[in-house]
Amino acid sequence: MMDRRSFVKKVLNGTIAGSLYLVWPMGGDSLEIPEEIPGIKGKDYDIHHQEFAFIVDITQCIGCGSCCVADKREYNVPDGNYRTWVERYVKGFSDQIYVDSPHGGLDGYQHPRTDIDEKIRDTFFVPKLCNMCKEAPCVQVCPVGATFISPDGFVLMDEKRCVGCAYCIQACPYSVRFLNPVTKVAEKCTWCYHRVRKGLLPACVEVCPTGARKFGSMKDETSEVYKILKGPGVLTVLRKEMGTFPALYYKGARREVI
Amino acid sequence: MDAAHSSAAMLVSNYVFPNDLHVHWSMMIVLYPYITGLVDGAFIIAALYYLFDVKSLRPVARFSLLFALAFLAIATLPLLLHLGRPERNFNMLLTPSPSSAMAGFGYIYAVSMGVLVFIVLFVYREDLVELRATSKGWLQLLYRAMTFDSIDLSKDALAFDRKIIRFLVGIGIPITVVLHGYVGFIFGGVKANPTWSTPLMPVIFLFSACVSGISAIILAYIVIRKVKGRSIDPDCIKTCIKTLTLFFIMAFTFEMLEVFSHSYLKSGYHHMVEGLLNGPLASSFWLWQVKICSVIPLFVLGVMGIFKIKDAIYNFTAAIVSAILLLQVLIMRWNVVIGGQLMSKSARGYTEFHPEWFDKEGILAVVIVMAIPFIILFVLSKIFPFWTTDNETNVK
Ligand code: SF4
Ligand code: SF4
């Protein structure tokens, strides 16, 4: 695990660091990427008194795809299926929106789109993952209770119970679920629950070079997510009209983002 | 919803969420509501005779029950073929999640199956008693069980049987309605899919179920009688066709109402629904489901209802219309189940579906699944005579 992660870090430092200084919002000194969730590691984990939040800051995402790579490696995600992915939004001067996500953004966005023949007004990247809905449709529809909400608020899968009916896949408004072609059961992003329980950040958060993916405890008043969520800034959730009450928030999400 | 406004603008980018490229519910999930629908419709015909005393349906009443039984017997097969882990299917019965619309299927199915089997046994008790008398060994034991160990065929006993049948059919109606309305709700309850999540879904499924079942009975009755060189009861066919007309008008109206309300209310992701019907589903929905398989039969059914037509032509037309309507319902199921999934939840694009031939949910598997009930029917026909009036050359 460590080897792989430090490898990813090295790759990131070596290849993208140059451009990072241009987009780094907090200055170069914060290149030290944290691994631990403050306030969790080494302490007793009381499952009934935990609350976590995930914030994606769209203004910071550079579409490098490191998170997707980390995720694919962490879970050995079969090709063509995605627990997380990054979308590229391109907005033309006609207000036309062009969205794509080749290989779920695994290879990063190294080339501009060539199929757009109008002047581009704006471009941004939108990472997607499980919204950890508090009213999760996937949990509601699962006929065998294989998908459930843990006391600490994570929507998780019991892959030993799942019958592979794919009802949850239909029900998830965000399409973050898929049927694993190898195990034949449903699979989804867990915000790296196994890591969180050890006090470690989710793999995608840890490797994100710009801090666009933020994760932390809402019980810890010093955590970044606590400060952002309790602060005055505007945060949004995806597809609010679905009534799913996500614990995943977006900072700087434009109205075009679905 | 701002994001969803300009429909033309959305489609240019045709962006499908990466996980939405796969269509997870494929042909077996098209068959599943189709098969339960056939059961429902056939049961309605039987109920009209046994409960509502529509005497003209007597020739097909018993057959309808057997037909329903043969199809109900395999209704779980497409589901099992569809499951990623079919060996775990008992989890649904053993540890059902009460919040899930799907979890109840096993129970509702078991109850319908039980009721239907009892109805058939009571309807055929006379025949079974006869068979019991002429059989030996374990076969006799079987018949003893099937006749509830009663050989009493007195007038009183048969009258009592009829009461039981009426009672069972009486509770059978809400059960079949629930069975199929429920199948519709499995789709209607998915709020993430704008073509499915409408309270009309169970209603549409229910009426189209009746259409397919009644059509199947008409077609099977005419074909089997013709092949066997037996007469076809004109009154029976006329009553069936009238019932079919009624149900089809309802079904078609509700199907169109759903499309109309999407485009009139312009709610949610209506531009995606419109784009779907006018894009990827343009031919399977507008051309096949609506024009060829709905408008034409509607017109023909109208002619059959208004004008006096010779029996032979009437029967021929009845068979053709029924065949088209059987296709209509199948296409409708396809358009709902597969069509609904072509629409990505990105609200920006549509995926594609290409049926496989040899997959466990492929075309060959579909053909085999649909052939099994006919084999079951054939076996059943050896024990349970289809027609009440088999010995008569002309039923009336
Ligand atoms: S695929 Fe598995 S987790 Fe999803 S609804 Fe079916 S049984 Fe539940
Ligand atoms: S985003 Fe989808 S998979 Fe995640 S909790 Fe919500 S409905 Fe379930």
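The values are calculated or read from the model by the stated rules, or taken from the named source; none is laboratory data. Note that the structure is a prediction, hence the values are computed from the model and not measured. Note that we place each Cβ from the backbone using ideal geometry, even for glycine, and neighbour counts take in every protein chain shown. For accessibility, only protein heavy atoms count, side chains too; no ligands or nucleic acids. Shrake-Rupley method; radii C 1.70, N 1.55, O 1.52, S 1.80 Å.
Kindly compute the accessible surface that chains B and A hide from a 1.4 Å probe when together, both sides summed, and give it to the nearest 100 Å².
For B against A, buried area totals roughly 3800 Å².
Within 10 Å of each Cβ of B:189-202, how many other protein chain Cβ atoms are there on average? Mind dumping the intermediate values first?
Details: counts 6, 7, 8, 13, 3, 0, 0, 1, 0, 0, 0, 0, 0, 0.
Neighbouring Cβ atoms belonging to other protein chains average 3 per residue here.
Of the heavy-atom accessible surface of the protein assembly as shown (probe 1.4 angstrom), what whole percent is carbon and sulfur?
64
Please average, across the residues of B:93-102, the number of beta carbons from any other chain that are within 10 Å of each residue's own beta carbon, and give a whole number.
5
Using only Cα atoms, locate the centre of region B:41-88 and the centre of region B:267-334, then give the distance between them in Å, rounded to an integer.
Their Cα centres are 23 Å away from one another.
Using alpha-carbon positions, what is the distance between the centroids of region A:193-212 and region B:201-226, in Å?
So the separation of the two Cα centres works out to 57 Å.
So what's the net charge close to residue B:209: Lys and Arg +1, Asp and Glu -1, counting the other residues with Cβ under 14 Å from its Cβ?
After counting each charged neighbour, the total is -1.
Taking square-rooted eigenvalues a ≥ b ≥ c of the alpha carbon gyration tensor, is chain A rounded, prolate or oblate, where a/c under 1.5 means rounded and, failing that, a/b exceeding b/c means prolate?
It is rounded, given that a/c, with a ≥ b ≥ c, falls under 1.5.
If packing is taken as the average number of other Cβ atoms within 10 Å across a peptide's residues, how do B:141-152, B:211-222 rank, most packed first?
Result, highest mean Cβ count within 10 Å first: B:211-222, B:141-152.
Can you order the peptides A:179-191, A:195-207 by their average number of other Cβ atoms within 10 Å per residue, highest first?
Values: A:179-191: 19.5, A:195-207: 22.1.
The densest-packed peptide leads the list: A:195-207, A:179-191.
From other protein chains only, count the Cβ atoms within 10 Å of every residue's Cβ in B:81-91, then give the mean.
Averaged over the peptide's residues, the number is 6.
Please give the peptides B:371-382, B:267-278 ranked by average Cβ packing (other Cβ atoms within 10 Å per residue), highest first, as a rough proxy for protection.
Averaged packing, sorted descending, gives the order B:267-278, B:371-382.
Within the set A:119/A:251; A:184/A:240; A:72/A:227; A:134/A:240, which residue pairs have Cα atoms separated by over 19 Å? Present the calculation step by step, with values, prior to reporting the outcome.
Details: A:119/A:251 26 Å; A:184/A:240 31 Å; A:72/A:227 30 Å; A:134/A:240 12 Å.
Going by Cα-Cα distance, A:119/A:251; A:184/A:240; A:72/A:227 fall outside the 19 Å limit.
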